[in-house]
Each structure stands twice: as structure tokens, then as C-alpha cells.
Protein chains: 2
Amino acid sequence: MSDKILLSHGSGGLMSDRLIREMFLTYFDNNYLSELSDSALLPADMQKISFTTDSYVVDPVFFPGGNIGKLAVCGTVNDLAVSGATPKYISAGFILEEGLPMKDLEKIVKSMAEEAKKAGVKVVTGDTKIVNKGKADKIFINTAGVGFLSEKYAHISAGENIRSGDKIIVNGAIGDHGVAVMSAREELKISNQVYSDCASLNHLIKKVLEKCEGVKFMRDLTRGGLASVLAEIVEYRNFGIRFSETAVPVSEKVQALCEMLGFDPLYLANEGKIVMIVSSEEAESILEEMKKDPLGKESSIIGEIKNTNQGKVVMETEIGGSRIVDKITGEQLPRIC
Amino acid sequence: MSDKILLSHGSGGLMSDRLIREMFLTYFDNNYLSELSDSALLPADMQKISFTTDSYVVDPVFFPGGNIGKLAVCGTVNDLAVSGATPKYISAGFILEEGLPMKDLEKIVKSMAEEAKKAGVKVVTGDTKIVNKGKADKIFINTAGVGFLSEKYAHISAGENIRSGDKIIVNGAIGDHGVAVMSAREELKISNQVYSDCASLNHLIKKVLEKCEGVKFMRDLTRGGLASVLAEIVEYRNFGIRFSETAVPVSEKVQALCEMLGFDPLYLANEGKIVMIVSSEEAESILEEMKKDPLGKESSIIGEIKNTNQGKVVMETEIGGSRIVDKITGEQLPRIC
């Protein structure tokens, strides 16, 4: 392992992976953490608790479609929701740089409160630390979340029922968050506005879980994008994934900007997108259910689980070829969330 | 409210208080948060959950008697324990500055793991973000914690049974953490080493709760020190506190350094100290129980709850006078935890 922390350790890709396995898993060795899911499933007396944490360091703090506060709520709500849990309680830990305009903080806190209300969660505990000017960058927010999980959905988090033939659904166009944040950075002024997809997906997920029994696994697509999440799903497993490039929804604007700037939408961050792995029998009815929700109306079946290419993700390209898709390796866009 | 974030907003004193009440409570308005205790008590099906969060930004990262990692575990364990809960699960959110030496991170993570083991909690979920060099100061850690709370102790967190005549116990000498961190700062090289009192107090607390029924309230003494915590306890309440300066344990070293540097030990941060408010009938037996534990062997009854001076803390001084003790107002020592 490198002897210094590098930006790529934060990419959500291979370097992050090594840091987590070789450092954190080595020391904090326990069954809950070693699942490496975004929330820990914890036994309570009568039902399971889902517990998750995320720190947000997005730069800039305000971007088209959201800000660090909205992001901090959506992100943690989504981490809980994809575990199959009902998100209930959120903590908010603020690290503020001396000199941060109070009206900026207020805007941020206000949108956290609005998003929490929308998602149906409560911010129940918090902490604030201030550091001298120049020792942090405006504002960093940590949100931890607690959700309750019915036994019925306890298998979803580990994805233990995934089988060959299962379908993979994405709930809409990818890459919007990455492009929105990029465009908000001064060095990349872009006129053709793209808005972050930043949204809490717990209500959408709940509707699907209540109507259909075929959901086997869910994961939100944040740092590292769709490609990294798919690669993580097959890692150390006895199945592979095959998906079609053309089936993956990408907006025209995002596609055009990616071509111009040399980014691959598959690796761009999202904050309101999930993949679901579902039984082939229920795939169509789940897709229909998702399309009824404003946050899922562009949902698409993009591929399926295969017995072949174990541990690998294969993409059928637009021009009829196929290639292996791996996790993000370097740091495509630091501080995207 | 000031239009900019000031260092004193992080003091744990009056300015922090205004920020919390006028900003966070205003927006995140709910019954759990408005208790303003260090952990939120959340209804679960069968028992209550205690949920807390704290970010750690201590400077320097390593100090005599501990480091930011040990602190991050002890602090959150103590926040849960003083609510009457049994600490169970911890999350760890890291914000790392590009260039942080990996061996420093390892030392920190290792001592988190050691402290977690000692305290009997598990680090079950985590997150790592990296920011560019100069955009954070080495390492910031957020730990959130979940504990389980028996109905039997549900009254402790709000302190609703506190009555005139109840005794106030502190579990040992105050100010060590503040002085240890201060001495580790380059500008204040002090030869006469003082070690941080940084420790998880959950086992000590558990022993007392199991043996005695008279514990009515507990609070750990962190930022703002003993004075700020006592002032907070009486705030908006129909009782006051009277305590004796000479009864408050302070080590000779800390006393001497405070006199030299112009600090008041009452306002110095601690990371292994609590106040307990206990019934007068059980005060002596609780004191005895505490003294049996290595982390409580210098425990002392420092004062009591009074019907007089409602909302005020009165200290009987060493020379026989008395004065009002208020919360910390400015920023005595920024980034002390």
C-alpha cells in the first residue's frame, strides 16, 4: 500500500478498496463491517437495525440541483433504503471553516431539513466543530443513519439470492450528478446546464418492495458510477454480469459533455440512481412499478446475471463488440460527493 | 447571530448554543433533537435505541495519552453511556488530507480498534473521503454510535428526576485532556508531561447503574469543561447547583500550568470524566463503587442541587467567598477534541 494518502484513495475504486481491506477491515475486524455493505445490519431484539455513515466534502458546496446538505441527507437515506430498511433517524456532524458565511450554512441546513421531511426521516442528533480558516474547505458534513429492517428483507443487503438469469434495472439516466458538480467548478463553466439527480429514493424503493417479491439486491450509484458498482457486485462471486451499453440511459446533454471532456458516463457519480437485481419473472412488473414514480420514469433493464465470466462485468458496446468493465482506478473527479 | 462562522461557535459555550438553537433546532425541529442531549433516544419496538454523533478535529492528531482515533471512540462511547445506554455499534467516517502519512493513519485506526475492543463496541460501518492537500488538516474523524437502552434507565438522559439535595459526583481530576493537547502544540512545549484522561467510561457507569438505583443524570465533561456542563444542567430548570472549589479534584501539575498560562481548570476539556447527579441517600455508596474502578479512584462529591439560585451555578471559592460560574464564552482552546 502507498505510504501516503493519495487522492485516488477516495475514488471509490481499486485504491479505495485496498485502503478499506488492508487498513480498516484489518483493524476493525467484525462480521458486520466485513460485509462491506453501505449500512451495517445490526441485530436488535425484535427487528434488525440498519446503520450507515457517510461524510460529504463535495466541491463546490452549491451546484445545480442541490448542495452539500441535500446530498448529505439523500445519500444516507439511500444507503439505508438499498439495504431494504426503512430509513428513520439521521445524525448530522458539521465541520465548519472559520469564516463560512452564516447564510450559506443556513441555506444548507434548510435544504437538509426539507430533504429530511421529504424522505420521512428525522435529524435526531448532531455535533458541530469549527476549525481555523484554511484548515478545512468551507463545510464538511457527516450524516449517519439508522433504519429498521424487517426480516423479510434481510437477505437483500448481502445479495445472497442472486442467480444467473436475474435482470439488472437502473432507475434512470446516469452521470447527471457528476456533470452538474463539474460544471459548477469555476474552471469548467458550461452553459448547457445539467442538474444533479440528487434525490431520496426510499419511497420509490418501498413501493417496489411492497408490490413485488423479486428484488434480490439494490445498490445506489455514487462515487465510481455504474461501472464500479457493477464490478463490485460480481467481485468474489461465482457469477458475472452482462449488460448492453445502449440500454443504459444517458441524457443527450451528459453524453455530449462527456464526449467533449473525455469522461465516461459509466464512471460518473450519481446521487439519485440505483441498480436493482431482480428475478427474471418479476423484472417487467418491477420495471412498470418503477416507471410510475417520478424518480423512476426512465427506468431500464440494462442486462443480466450470467454463469459465465465469473467475477467479471462484460459490456456489449454500441457497435456490436464487447469489453470488460472494471472499477474506477484513478480519481476521475475528486470531491464529487 | 453573527454573519460568519467564528471559532467561538465551536467552543461549546454561549456562541455554540446560539448556533444550535437558532440554526439547527430551528430547521431540524423534532422532539428527539430538541432534547439537546448528546444522544437521541429513539423508540425501537422492544427497547430504546440511543444514537449519537461527534466529529473529531483535535490538533495535533497525536498527544500525550492518546490520539484522534482513540478520542473518537471514547467520546462516542461516553456519549452513549451517559444516556444510560449500553454502547454497541460505532460508525467511522474519515476525512483525510491528501499526503497524510499512511503510518499515521494506521496508528490512529489501530488505537480506534484497541479502544473499541476495550469498550466492548464494534465499528460496523464506515466511509472515507479524501480532499486535496491544504483543504483539510491531516485527518478528521466522525464517529456515530448506537446503544441499547433499557426502560429502567430511560429517565436518566433528560434528568427529569433531579431534586434539591441530590449530590454531584465527579470521577476524578479535571483538565488533563486540555493541558495534554495544549502541551503537544508546538508553541507550548512543556516539559512536565500531563497525559490526556481519554478513556471509555461505559464499564464504570455500568457497574454503578447495576449496584445503585440513585443515579439521576450523567454527563461527560468535554469541550467547555466542568463549568459549562454544570451551567448547562441548570439552564431553564427550577433548581441551581452549589459546589465547592476545593472539592473538585485537580492534579498539581494541571493546577500549576493553569496558573502559569492563565487557564481555569473548570473550563478545560476532559475526555474521561463525567458528572453524576445522584440521590443524597445513595451518594456515599455510589462514590465507594466508583472508587473501586481505576477510572474512578479519585471520585469526589463536589456539591449539590439547590432550590435556591434557580438556573445558576454557584461556586464556594477556596478563600471562603462564592461566585456565579457560567458557560464558557469565547474559545479557550480551539480544536481540543
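The values are calculated or read from the model by the stated rules, or taken from the named source; none is laboratory data. Model, not experiment: these values are computed from the prediction. Heads up, the Cβs are rebuilt from the backbone with ideal geometry, glycines too, and the neighbour counts pull from every protein chain shown. We work out accessible area using only protein heavy atoms, side chains counted, and drop any ligands, DNA or RNA first. Shrake-Rupley method; radii C 1.70, N 1.55, O 1.52, S 1.80 Å.
Out of curiosity, is A:N132 more than 7 Å from chain B (Cβ to nearest Cβ), surrounded by fewer than 20 Cβ atoms within 10 Å (Cβ to Cβ) and of a type in the set (S, T, N, Q)?
So A:N132 does not fit the description; no.
Do we find that B:S164 is of a type in the set (G, A, S), out of contact with any helix residue (DSSP H, G or I) (no Cβ under 8 Å at 6 or more places or on another chain) and within 7 Å of another protein chain (Cβ to nearest Cβ) in this structure? Steps first, answer last, please.
Numbers: of a type in the set (G, A, S): yes; out of contact with any helix residue (DSSP H, G or I) (no Cβ under 8 Å at 6 or more places or on another chain): yes; within 7 Å of another protein chain (Cβ to nearest Cβ): no.
Criteria not met by B:S164.
Taking only segment A:303-337 into account, find how many residues are among the hydrophobic types (A, V, I, L, M, F, W, C), modelled with pLDDT under 95 and open to solvent by 70 Å² or more (accessible area, probe 1.4 Å).
Selection size over segment A:303-337: 1.
Condition check: at pLDDT 90 or above, of a type in the set (K, R) and surrounded by fewer than 24 Cβ atoms within 10 Å (Cβ to Cβ). Does B:K122 satisfy that?
Spelling it out, it is not the case that B:K122 is at pLDDT 90 or above, of a type in the set (K, R) and surrounded by fewer than 24 Cβ atoms within 10 Å (Cβ to Cβ).
So, in segment A:19-71, how many residues would count as being touching an Asp or Glu at 6+ places or on another chain (Cβ under 8 Å), modelled with pLDDT of 80 or more, assigned to a loop (DSSP other than H, G, I, E, B) and surrounded by 20 or more Cβ atoms within 10 Å (Cβ to Cβ)?
Number satisfying all stated conditions: 3.
Please work out if A:K152 is more than 23 Å from B:D127 (Cα to Cα), within 14 Å of chain B (Cβ to nearest Cβ) and surrounded by fewer than 17 Cβ atoms within 10 Å (Cβ to Cβ). Steps first, answer last, please.
Details: more than 23 Å from B:D127 (Cα to Cα): yes; within 14 Å of chain B (Cβ to nearest Cβ): no; surrounded by fewer than 17 Cβ atoms within 10 Å (Cβ to Cβ): yes.
The answer is no for A:K152.
If B:S228 meets every condition in (1) small (G, A, S); (2) farther than 13 Å from B:K327 by Cβ; (3) open to solvent by less than 10 Å² (accessible area, probe 1.4 Å) apart from one, which number is that one?
(2)
Inspect segment A:325-334 for any residue being in contact (Cβ under 8 Å) with a residue 60 or more places away in the chain, in a helix (DSSP H, G or I) and more than 21 Å from A:C198 (Cα to Cα) and give the result as yes or no. Step through it out loud before you land on a result.
The first filter runs over segment A:325-334 and keeps only residues in contact (Cβ under 8 Å) with a residue 60 or more places away in the chain, leaving A:325-334.
Filter once more, so that each one left must be in a helix (DSSP H, G or I): none.
No, every residue in segment A:325-334 fails to be in contact (Cβ under 8 Å) with a residue 60 or more places away in the chain, in a helix (DSSP H, G or I) and more than 21 Å from A:C198 (Cα to Cα).
Kindly indicate whether any position in segment A:98-114 is within 11 Å of chain B (Cβ to nearest Cβ), open to solvent by 10 Å² or more (accessible area, probe 1.4 Å) and among the hydroxyl-bearing types (S, T, Y).
For segment A:98-114, residues within 11 Å of chain B (Cβ to nearest Cβ), open to solvent by 10 Å² or more (accessible area, probe 1.4 Å) and among the hydroxyl-bearing types (S, T, Y): present.
Would you call B:A144 at pLDDT 90 or above, in the same structural domain as B:F263 (by TED's automatic domain parsing), buried (at least 24 other Cβ atoms within 10 Å of the Cβ) and farther than 21 Å from B:E232 by Cβ? Let's see the steps before the verdict.
Numbers: at pLDDT 90 or above: yes; in the same structural domain as B:F263 (by TED's automatic domain parsing): no; buried (at least 24 other Cβ atoms within 10 Å of the Cβ): yes; farther than 21 Å from B:E232 by Cβ: yes.
So B:A144 fails the test.
Name the one entry in A:D79, A:D127 that is within 28 Å of B:L333 (Cβ to Cβ), open to solvent by less than 40 Å² (accessible area, probe 1.4 Å) and within 13 Å of chain B (Cβ to nearest Cβ). Give the derivation first.
Working: A:D79 fails: within 28 Å of B:L333 (Cβ to Cβ).
Matching residue, one of A:D79, A:D127: A:D127.
Which of (1) assigned to a strand (DSSP E or B); (2) over 18 Å from the mean Cα position of the chain (by Cα) is the odd one out, the single condition A:R219 does not satisfy?
(2)
If you go through segment B:269-283 one residue at a time, do you hit one that is without any contact (Cβ under 8 Å) to a residue 24 or more places away in the chain and over 21 Å from B:D166 (Cβ atoms)? So that I can check it myself, show each step before the final result.
Pass one, segment B:269-283, residues without any contact (Cβ under 8 Å) to a residue 24 or more places away in the chain: none.
Taking every residue of segment B:269-283 in turn, none turns out to be without any contact (Cβ under 8 Å) to a residue 24 or more places away in the chain and over 21 Å from B:D166 (Cβ atoms).
Is it true that some residue in segment A:74-94 is closer than 21 Å to B:F140 by Cβ, out of contact with any strand residue (DSSP E or B) (no Cβ under 6 Å at 6 or more places or on another chain) and in a strand (DSSP E or B)? Let's see the steps before the verdict.
First pass over segment A:74-94, keeping only residues closer than 21 Å to B:F140 by Cβ: A:75-76, A:79, A:90-94.
Still in the list and also out of contact with any strand residue (DSSP E or B) (no Cβ under 6 Å at 6 or more places or on another chain): none.
No; the residues of segment A:74-94 include none that is closer than 21 Å to B:F140 by Cβ, out of contact with any strand residue (DSSP E or B) (no Cβ under 6 Å at 6 or more places or on another chain) and in a strand (DSSP E or B).
I need the full set of residues from segment B:290-313 which are assigned to a loop (DSSP other than H, G, I, E, B) and within 20 Å of the chain's Cα centre (by Cα), in order please. Spell out how you get there, then give the answer.
Step one: filter segment B:290-313 for residues assigned to a loop (DSSP other than H, G, I, E, B), giving B:292-299, B:307-312.
If the condition is that a residue be assigned to a loop (DSSP other than H, G, I, E, B) and within 20 Å of the chain's Cα centre (by Cα), then B:D293, B:P294, B:L295, B:G296, B:K297, B:E298, B:S299 are the ones that fit.
Is it true that A:L261 is of a type in the set (A, V, I, L, M, F, W, C) and either touching a strand residue (DSSP E or B) at 6+ places or on another chain (Cβ under 9 Å) or open to solvent by 10 Å² or more (accessible area, probe 1.4 Å) (or both)? If you could, list the steps in order and put the result at the bottom.
Details: of a type in the set (A, V, I, L, M, F, W, C): yes; either touching a strand residue (DSSP E or B) at 6+ places or on another chain (Cβ under 9 Å) or open to solvent by 10 Å² or more (accessible area, probe 1.4 Å) (or both): yes.
Criteria met by A:L261.
Which one is farthest from A:E318 (Cα to Cα), of the residues in segment A:252-279 that are out of contact with any helix residue (DSSP H, G or I) (no Cβ under 7 Å at 6 or more places or on another chain) and part of a loop (DSSP other than H, G, I, E, B)?
Out of the qualifying residues, it is A:S279.
Determine whether B:G172 is touching a Pro at 6+ places or on another chain (Cβ under 9 Å) and open to solvent by less than 10 Å² (accessible area, probe 1.4 Å).
Taking the combined requirement at face value, the residue satisfies it.
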